[in-house]
């Protein structure tokens, strides 16, 4: 075979493998939707007492909308909102204070709001994990389901009911959704992130990688499992959750009804590169499926560059058209609608693939990572602890470009 024929074969095999992954994703999503229609264990007579935790650093533009959505949740059981902010000097502190005060007379559906600053800045682990640990220490004794939500996750009014009902099913210890980016202003970097995220939704579903932006766990996972130990040394709260769940004989499920649309596209190339690298780093540090994630990212970029350098434009164009078709298929599966992003999938596809590859390489080698103006150094634990077949890693906070945020 000539080099061109070999290249065509490789492109065909890669595209076929990606199509297989999307097929498995479609099967999983359809199964989940079918399960929901046939659930018998429905908490209609007893909606469990629930607590929603929101950890904040900085003022997200969507924070008021997100808080308003929480205040109007149509949940029939009792629930409480617990908010942990980096410090009282954080710009979000007054926003939340004012919002809670203004809602007092408008009958929000929560029973109580507990707003507190982060009391202790950890030497190890991230600020997000430290905030969660502090919130766990303040949980109400009656709370059975604990939900975690991000400040940029603007949910619908049925979100809490949906996430609690899913987590209430037998054998389930945690459920989460995912995000789906539809950039409002149509920027190239915004849609490049959307391309990456569409593929990430598929891999995260198949490899069972939870997303902490819309996550719920049973109280037992916090009180009896090793999750809190992982949080004391980890970068994120979600990716490493499978180990503690399996220890308790519980499982995790991705729930398609919990997908959240994100319209943000205010992101530059350097910001997107750092964001992608951090997303991938969490998989490297905390999930056994990282080798498959890395192979997908680096492999897709490598064959694309090989085709371009060889000048095999017909093969490259055919491959890219196939990838656009897969993106349309993913959108149809995830959002249950006719695709609306065809032209943007085509425009942003190559930038998204290349950025994914470069960010994957960076995640393999990176020693420091920036998250919300805080720089974390990744270090191995002195005595090394095995979790899910991987050596446990620490993330040690170093510096912040905004010292006031630490209080």
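The values are calculated or read from the model by the stated rules, or taken from the named source; none is laboratory data. Worth saying up front: this structure is predicted, and the values here are computed from it rather than measured. Neighbour counts run over all protein chains shown; Cβ positions are idealised from the backbone, glycine included.
Among the strands (runs of 3 or more DSSP E) confined to the stretch 46-131, the ones with at least 1 residues that are modelled with pLDDT of 90 or more and over 23 Å from the mean Cα position of the chain (by Cα) are located at 79-85, 112-117.
With the condition kept exactly as written, say whether any residue in the stretch 365-372 is in a helix (DSSP H, G or I), touching a helix residue (DSSP H, G or I) at 6+ places or on another chain (Cβ under 9 Å), within 13 Å of residue 280 (Cα to Cα) and at pLDDT 50 or above. No - not one qualifying residue is present in the stretch 365-372.
Among the residues of this structure, residue 243 counts as one that is under 18 Å from the mean Cα position of the chain (by Cα) and on the phi < 0 side of the Ramachandran plot. For residue 162, the requirement of being touching a helix residue (DSSP H, G or I) at 6+ places or on another chain (Cβ under 6 Å), touching a residue at least 40 places away in the same chain (Cβ under 8 Å) and either over 22 Å from residue 64 (Cα atoms) or assigned to a helix (DSSP H, G or I) (or both) is met. When you look at residue 167, is it free of Cβ contacts under 8 Å to residues at least 60 places away in the same chain and under 22 Å from the mean Cα position of the chain (by Cα), yes or no? Yes: the conditions hold for residue 167. Test residue 154 against the stated conditions and say whether it is at pLDDT below 95 and touching a helix residue (DSSP H, G or I) at 6+ places or on another chain (Cβ under 6 Å). Yes. When the stretch 124-149 is filtered for residues that are closer than 12 Å to residue 52 by Cβ and either surrounded by fewer than 22 Cβ atoms within 10 Å (Cβ to Cβ) or in contact with a helix residue (DSSP H, G or I) (Cβ under 9 Å, 6 or more places away or on another chain) (or both), the ones remaining, listed by number, are 139, 140, 143, 145, 146, 147, 148, 149.
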